[in-house]
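S.K.: Structure incoming, see below.
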Amino acid sequence: MSSAATISGAAGRYSSAIFDLARDAGSLDAVASEFGTLSALISDSPELADMISSPAYSREEQATVMDTVLGKMGLSDLTKKFAGLMAAKGRLAMLPDAMTGFSQLLADHRGEETAYVVSAKPLSDAQRESLAQNLKSSFGKDVKIDASVDASLLGGLVVKVGSKMVDASLKSKLERLELAMKEH
């Protein structure tokens with residue numbers, strides 16, 4: 001039985017269950033890919049995100065909508081049954097956390113680490129590769145880059161791997177300089 005990494009509670013139990021089922025079925029990669037697609041769809045559709053998280057929708061309504069959406073996406077029976085079970089149990093609001101937990105379990109299983117990187121501009125493929133190689137040499141594990149953009153950083157990066165964080169953004173450097181000038 002897998003541990004639910006850093007996702008705890010019911011979402012962690014769902015993560016662990018789908019991970020174990022996918023591993024036993026030899027479909028870890030397929031489920032990971034489908035969860036990536038589903039996660040992107042939820043992020044891009046405020047209506048779907050609202051339906052998943054709102055208690056205003058009954059379990060039956062949520063199950064029907066999810067069955068229709070997942071059927072049109074052409075996802076595997078395992079993924080459809082997993083989301084259907086969560087809807088039937090009134091736990092659909094935990095689906096995003098359960099998918100995140102699955103990703104964490106998969107990374108642990110593969111001996112990978114995820115680096116959450118925030119940059120002022122989108123990273124190029126060469127920058128991603130260079131950063132991944134530098135982090136691999138630091139951590140001794142393959143590192144998957146989960147990148148996002150925050151223009152308020154002005155420049156530089158904020159990198160978080162596990163409990164370690166490096167803030168090399170221009171914004172924080174300017175804030176530290178301002179603080180130092182106020183102290184003197």
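S.K.: When you look at residue 80, is it assigned to a helix (DSSP H, G or I) and surrounded by fewer than 20 Cβ atoms within 10 Å (Cβ to Cβ), yes or no?
M.R.: yes
S.K.: Another one. Keeping to the stretch 153-182, report how many residues are touching a strand residue (DSSP E or B) at 6+ places or on another chain (Cβ under 9 Å) and either closer than 28 Å to residue 109 by Cα or not charged (D, E, K, R) (or both).
M.R.: Number of matching residues: 16.
S.K.: Please verify whether residue 148 is surrounded by fewer than 17 Cβ atoms within 10 Å (Cβ to Cβ), within 24 Å of residue 41 (Cβ to Cβ), outside the structural domain of residue 38 (by TED's automatic domain parsing) and among the hydroxyl-bearing types (Ser, Thr, Tyr), treating the condition exactly as stated.
M.R.: For residue 148, the condition - surrounded by fewer than 17 Cβ atoms within 10 Å (Cβ to Cβ), within 24 Å of residue 41 (Cβ to Cβ), outside the structural domain of residue 38 (by TED's automatic domain parsing) and among the hydroxyl-bearing types (Ser, Thr, Tyr) - is met.
S.K.: May I pose another question? Just need a number here: residues in the stretch 110-133 that are at pLDDT below 90 and either assigned to a helix (DSSP H, G or I) or under 18 Å from the mean Cα position of the chain (by Cα) (or both).
M.R.: Residues that pass the stated criteria total 7.
S.K.: Being in a strand (DSSP E or B) and of a type in the set (Ser, Thr, Tyr) is the filter; apply it to the stretch 137-172 and report the residue that is modelled with the lowest pLDDT. Steps first, please.
M.R.: At the first step, the residues of the stretch 137-172 found to be in a strand (DSSP E or B) are 142-149, 156-161, 164-169.
Keeping just the survivors that are of a type in the set (Ser, Thr, Tyr) gives 148, 169.
Values: 148: 89, 169: 83.
Once the filter is applied, the top-ranked residue is 169.
S.K.: Could you pull out the residue among 71, 84, 101, 140 that is within 16 Å of residue 18 (Cβ to Cβ), more than 18 Å from the chain's Cα centre (by Cα) and of a type in the set (Gly, Ala, Ser)?
M.R.: Within the list 71, 84, 101, 140, the selection yields 84.
The values are calculated or read from the model by the stated rules, or taken from the named source; none is laboratory data. From a predicted model like this one, the values you see are computed outputs, not experimental measurements. Virtual Cβ from ideal backbone geometry, glycine too; neighbours counted across all protein chains shown.
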